[in-house]
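What follows is a short report on a single structure.
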Amino acid sequence: MSTVRIIARHTGFSIATISRAINEPDTVSVETLAVVRKAMQELNYEKKKKIKKKSNIFGVIFPNISNPFFSELLGVLENEAFHNGRCILFFNSRHNLHQEKIAFAECKSHGVDGVFLVPHTTSPEYLETIKNLSFPTVLLTQTSSILPSVGVDHIEGGRLVADHFFSSGHINIGYIGPISKQEGKYVGFINRLNELGINISEEFQFNAVEGTVLKGFINSCIDEKQNLKISALFCMNDMVAQKVIEILTESGFVIPRDLVVVGFDNTFSSRILGITSVSQPMQEIAHVGFQEMLNLIKENKKSENYSAQLLLPRLVLRESSLQLKRK
């Protein structure tokens with residue numbers, strides 16, 4: 001196997017010059033660099049890979065720490081890190097792709113061993129750029145074949161809510177959340193209702209994202225006699241479900257007598273406020289994700305494709321959706 005000393009002897013340059021040409025090519029002339037690289041090729045020289053010193057720090061990039069689900073998941077993830085002798089460096093991307101990219105740059109500058117990410121977008125082009133970074137990235141709650149990922153079967157979560165509404169006798173149903181074929185909970189919810197012979201009017205589907213003002217939509221669901229046009233409502237997360245309940249309560253309606261409300265995530269607030277919610281197994285997401293990260297670091301290689309690890313959700317019934325069965 002060729003060495004720096006052999007290349008120096010072959011080219012007539014000093015060992016220091018050869019070393020600079022290999023490790024700091026900008027510090028030598030173009031002519032010298034060309035000679036050295038030609039010699040490297042002729043002599044089958046392979047540059048030794050630098051062994052990256054582990055920092056025992058993992059970056060965590062979440063979109064909204066004010067969302068109880070993400071704050072709880074961060075706590076569980078930090079606990080996993082603690083028990084594995086690691087530390088967490090957290091970044092809040094604020095649902096902003098630019099902020100997310102800045103967070104990745106900071107992770108690189110801090111020499112993290114890897115990053116846990118809830119991405120702003122799962123577009124293949126963007127995920128490929130992340131894949132090419134020097135450290136591994138594991139997606140949490142969202143899945144992809146481009147990067148290792150651990151998520152919950154949102155389609156099944158939507159189906160669970162649809163079955164709950166149907167078994168309770170509801171046919172006038174509403175939905176608040178992203179309306180897209182890429183939104184698993186929406187797809188599972190709508191498709192299952194269709195299988196059960198129930199179609200949701202577009203009037204009662206509110207295409208919302210976090211932070212959207214809901215009061216206008218809620219008011220549109222109330223008729224001129226101050227009665228609700230729907231009897232059951234599925235919300236994209238517990239934050240939205242809580243807001244809906246607050247708006248309706250302020251307007252004199254009683255939950256669940258006048259409207260059954262179901263959220264998603266099974267956060268601490270849903271447990272305190274008695275909101276029925278689809279539970280994402282946070283402990284399992286964090287544990288499986290952490291083990292995936294440790295394996296990636298140990299193997300130190302990337303695959304062309306990855307199989308997403310999908311965990312099953314469950315519906316936790318509470319006061320907000322329990323009422324006398326409708327006939």
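Please treat every number below as a calculation from the coordinates, not as lab data. The structure presented is a predicted model; accordingly, all values stated were derived computationally and were not measured. Reconstructed Cβ throughout: ideal geometry from the backbone, glycine too, with neighbour counts over all protein chains shown.
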Task: Full-extension gain in nm, residue 129 to residue 258, via 0.36 nm per residue minus C-alpha separation - done: 41.5 nm
TODO: Give a quick list of GluC sites (Glu not before Pro) in segment 44-119 that DSSP marks as loop, anything other than H, G, I, E or B, with at most 10 other Cβ atoms within 10 Å.
DONE: 46
Task: Label point distance in nm, residue 299-residue 16, each placed 7 Å from Cα along Cα→Cβ - done: 4.5
Task: Computed FRET value (nearest 0.05) for residue 199 with residue 95, which takes r as the C-beta separation and R₀ as 30 Å - done: 0.45
TODO: Using only the alpha carbons of segment 1-77, determine the length spanned along each of the three principal axes and report them from longest to shortest in whole angstroms.
DONE: 65, 26, 19
Task: Cα convex hull of segment 218-327, projected area averaged across orientations, nm² - done: 9.8
Open item on the list: Give me the net charge for the shell around residue 16: Cβ to Cβ below 15 angstrom, other residues only, Lys and Arg +1, Asp and Glu -1.
Closed with: +2
Task: Centre separation in Å (Cα based) which lies between segment 53-108 and segment 1-20 - done: 44
Task: Share of pairwise Cα separations in segment 32-98, more than 16 Å, in percent - done: 65
Task: Residue pairs, from the table 131/215; 53/185; 101/301; 108/185; 243/302; 38/101, whose Cα atoms sit over 31 Å apart - done: 131/215; 53/185; 108/185; 243/302; 38/101
Task: Principal axis box of the chain, alpha-carbon based, largest edge first, Å - done: 95, 38, 32
